[in-house]
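To start, the structure itself, in structure tokens.
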Amino acid sequence: MSEARALLGRLEYQRGNVEAALRVFDGIDLQAAIQRFQPSLSEKPSSKRNNKLRSDSSNSGSQHAASLVLEAIYLKAMSLQKLGKAIEAAQQCKSVLDAVESIFQRGIPDVMVEQKLQETVSKSVELLPELWKQAGAYQEALASYRRALLSQWNLDDECCTRIQKRFSVFLLYGGVEASPPSLASQTEGSFVPKNNLEEAILLLMILLKKWYLGKTHWDPSVMEHLTFALSLCGQTSVLAKHFEEVLPGIYPRTERWYSLALCYSAASDDEAALNLLKKSLNKNESPNDINALLLAAKICSSDYYLASEGVEYAKRAIGDDELLDGHLRSVGLHLLGSCLANESKIASSDHQRSLLQAEALKSLGEAFSLDRHNPDLIFDMGVEYAEQRNMQAALKCAKQFIDTTGGSVSKGWRLLSLVLSAQQRYSEAEVVTDAALEETTKWEQGPLLRIRAKLKAAQSLPMEAVEAYRALLALVQAQRKAYGSLKNGTEERDNKVSEFEVWQGLANLYASLSYCRDAEICLQKAKALKTYSATTLHAEGDMHGVREQTQHALAAYLNALSTEVDHVPSKVSIGALLSKQGPKYLPVARSFLSDALRLEPTNRMAWFYLGQVHKHDGRLAEAADCFQAASMLEESDPVESLRPL
């Protein structure tokens, strides 16, 4: 009776009479059919040779009957789906899989299973999670996906691939937090994903491995989803390996190089990224690829010594007006301005520096005229104005950045606070810093607490500055315990404060107060974290200077320069020390101070000591100019350098 209804219902369904088919299917008693089929399908194969043919014949008949009934319930689920009854459809589809598990208690065997029965099972396994998603029952959909992949349904590679891909997409974009798989499904020693992202990445990697082994066809969307997932968790170096493993011919080589460059750049390996882009931009490849040119310019903009190269890339990118829309032109001009600004910092002459700074502001201004609401552009303009000591323009940009971002980005508050400190408005800078601390999360407060400590010191409130440093030290140590020690310069890249910086700051503060013992303790703490540091050696020199141990101080400063050739504070300190040693040392002192000003033209102490050198040497006009420059810079000197921004 059930088999007859199954045949009749299938005929109605194929004719498109969904409601009629549904009425026929309603008369099928699935549970009774299961009980009838279960003994013959689930019994162990007979070991007696003379019973083999009879057993095979009986088994084949039962499988055919079971196939008809299970297909009928599957078609019933399809009919309900077409009528918009997703929950009922999912329940019917689930009953098919429950019935199969009841009949085949050891899982569906690899052989001796009727093709039609296997097709019905495969379609039901694939359909069930989609029905739960249509019904809005997302937890049930998750459970159905896992059941499909963990149970023994004897699915072919293509069906399994489709399920794995849909499941990974659902985990990535479904907006539902999945709990880890149940303990029953976990095997000892296997990797167990802890969240949606890990589970999706695992599935996508399995899909790629299937393609490598030739078990499925190439699907570019799998790599796109994996790119999104690995980028989201910062594992772009892993993504780069997968791009490298893709066989030649899948991607055009320039496209592969560009993708790899993006991965390496995000992983802080700028050298590898730039080398790949140079290959891509070769005259025999794609010399006018706008995206590659902009990325190359962006990488170069972060390194003073590559800035001139970045200028060329940016100019090539904006050179063809027909290829650029307004947004890309703005990006190109923004990068050109950033590269010019960085190139100016290592210019060989004041005239060249002035020209580069003017060109940088001009490019940034043109970019701003094309995109007035780009927060990164507004911020970079503010920093450039501040470095050129145009504090009113910098203040305007800092406020505009905070308005544009809604105060959600801490570097905007830091810029505003530093600009106010450069205008000697310390109390207002403190108010801004306190407001920023309330707006930012705990782990992002390090740079703000450092600024607060320096603001206290600038106002001659040393004990309050010490308390601020102590709060900063507690935060940094809590971060270290929570996340472990950061390596490879990630603190600097992520704008976090290292424990070394805190001890160094405390040492400098105690040294300025002539608390030599406390300063020495802090320096020892700093040296334990970073043995060879120009900053620490320079602080040691300052300590010897306080004790009037001139030779030891000079040795410490020279050791600092040996560690870091362009360490400006050490050059200034050597120049200051030698200027007091008599006329024969004045040329050497002038050389060190001039070199310091070449590297950092806004260093007021270098100007001051250079003025002292000129005064001792009898050049009073030059001395007056230097003292005037030092005085003007003192009036616009922020409590800390703008470069870490």
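The values are calculated or read from the model by the stated rules, or taken from the named source; none is laboratory data. Fair warning: this is a prediction, and the values are worked out from it, not measured in the lab. Glycine also receives a Cβ, built like all others from the backbone with ideal geometry; neighbour counts cover every protein chain displayed.
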*Among the candidates 274, 294, which residue alone is over 30 Å from residue 209 (Cα atoms) and not assigned by TED's automatic domain parsing to the domain that holds residue 600?*
294
*asked:* Could you check segment 309-343 and list, in sequence order, the residues that are farther than 23 Å from residue 275 by Cα and of a type in the set (Ser, Thr, Tyr)?
replied: 330
*Report whether or not residue 224 is among the charged types (D, E, K, R) and buried (at least 18 other Cβ atoms within 10 Å of the Cβ).*
no
_Checking residue 355 against (1) of a type in the set (A, V, I, L, M); (2) farther than 19 Å from residue 601 by Cα; (3) over 28 Å from the mean Cα position of the chain (by Cα), the condition it does not meet_ = (2)
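To keep it simple, each residue is scored yes or no on (1) at pLDDT 95 or above; (2) within 20 Å of residue 76 (Cα to Cα).
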position: 127; (1), (2): yes, yes
position: 132; (1), (2): yes, yes
position: 147; (1), (2): no, no
position: 153; (1), (2): no, no
position: 165; (1), (2): yes, no
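Out of 338, 408, 348, I need the residue that is modelled with pLDDT of 95 or more, among the hydroxyl-bearing types (Ser, Thr, Tyr) and over 24 Å from residue 631 (Cβ atoms). Which one?
On the way: 408 fails: modelled with pLDDT of 95 or more; 348 fails: modelled with pLDDT of 95 or more.
Result of the check over 338, 408, 348: 338.
If I filter segment 137-165 down to residues being in a loop (DSSP other than H, G, I, E, B) and among the aliphatic types (A, V, I, L, M), which single residue comes out as farthest from the chain's Cα centre (by Cα)?
Of the residues in segment 137-165, the ones in a loop (DSSP other than H, G, I, E, B) are 137, 151-156.
Narrowing the set further to residues that are among the aliphatic types (A, V, I, L, M) leaves 137, 155.
Details: 137: 32, 155: 37 Å.
Residue satisfying both the conditions and the ranking: 155.
Quick check on residue 303: is it touching a residue at least 24 places away in the same chain (Cβ under 8 Å) and buried (at least 18 other Cβ atoms within 10 Å of the Cβ)? Before you say what the answer is, go through the steps one by one.
Numbers: touching a residue at least 24 places away in the same chain (Cβ under 8 Å): yes; buried (at least 18 other Cβ atoms within 10 Å of the Cβ): no.
Judged against the criteria, residue 303 is not a match.
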*Quick one: would you say residue 618 is crowded, with 20+ Cβ neighbours inside 10 Å, over 46 Å from the mean Cα position of the chain (by Cα), over 24 Å from residue 505 (Cβ atoms) and not charged (D, E, K, R)?*
no
*State whether the residues of segment 561-572 include one that is of a type in the set (Ser, Thr, Tyr) and not in a helix (DSSP H, G or I).*
no
*asked:* Six or more apart or on different chains, Cβ atoms under 6 Å: show the pairs whose first residue is in segment 120-131 and surrounded by fewer than 24 Cβ atoms within 10 Å (Cβ to Cβ) and whose second is among the acidic types (Asp, Glu).
replied: 120/71
*Which of (1) out of contact with any helix residue (DSSP H, G or I) (no Cβ under 7 Å at 6 or more places or on another chain); (2) over 17 Å from residue 350 (Cα atoms); (3) in contact (Cβ under 8 Å) with a residue 24 or more places away in the chain does residue 620 not meet, given it meets every other one?*
(3)
*Residue that is surrounded by the fewest Cβ atoms within 10 Å (Cβ to Cβ), among those in segment 518-555 that are modelled with pLDDT under 90 and more than 21 Å from residue 577 (Cα to Cα)*: 531
_Could you go through segment 120-136 and let me know if any residue there is in a helix (DSSP H, G or I), among the aromatic types (Phe, Trp, Tyr) and either touching a strand residue (DSSP E or B) at 6+ places or on another chain (Cβ under 6 Å) or closer than 20 Å to residue 30 by Cβ (or both)._
yes
*Give the residues of segment 545-579 that are touching a Lys or Arg at 6+ places or on another chain (Cβ under 8 Å) and closer than 20 Å to residue 641 by Cα, sorted by residue number.*
561
*So residue 302, is it among the hydroxyl-bearing types (Ser, Thr, Tyr), more than 20 Å from residue 377 (Cα to Cα) and assigned to a loop (DSSP other than H, G, I, E, B)*: no
*Does residue 611 satisfy the condition of being in contact with a His (Cβ under 9 Å, 6 or more places away or on another chain), buried (at least 21 other Cβ atoms within 10 Å of the Cβ), in a helix (DSSP H, G or I) and at pLDDT 90 or above?*
no
*With respect to residue 631, is the statement that it is out of contact with any strand residue (DSSP E or B) (no Cβ under 8 Å at 6 or more places or on another chain), within 25 Å of residue 537 (Cβ to Cβ) and assigned to a helix (DSSP H, G or I) true?*
no
_segment 323-362: number of residues that are out of contact with any Leu (no Cβ under 9 Å at 6 or more places or on another chain) and under 21 Å from residue 296 (Cβ atoms)_ = 3
_Flag for residue 246 being in contact (Cβ under 8 Å) with a residue 24 or more places away in the chain, surrounded by 16 or more Cβ atoms within 10 Å (Cβ to Cβ) and over 24 Å from residue 305 (Cβ atoms)_ = no
*Right, residue 376: under 24 Å from residue 357 (Cβ atoms) and at pLDDT below 95 or not?*
no
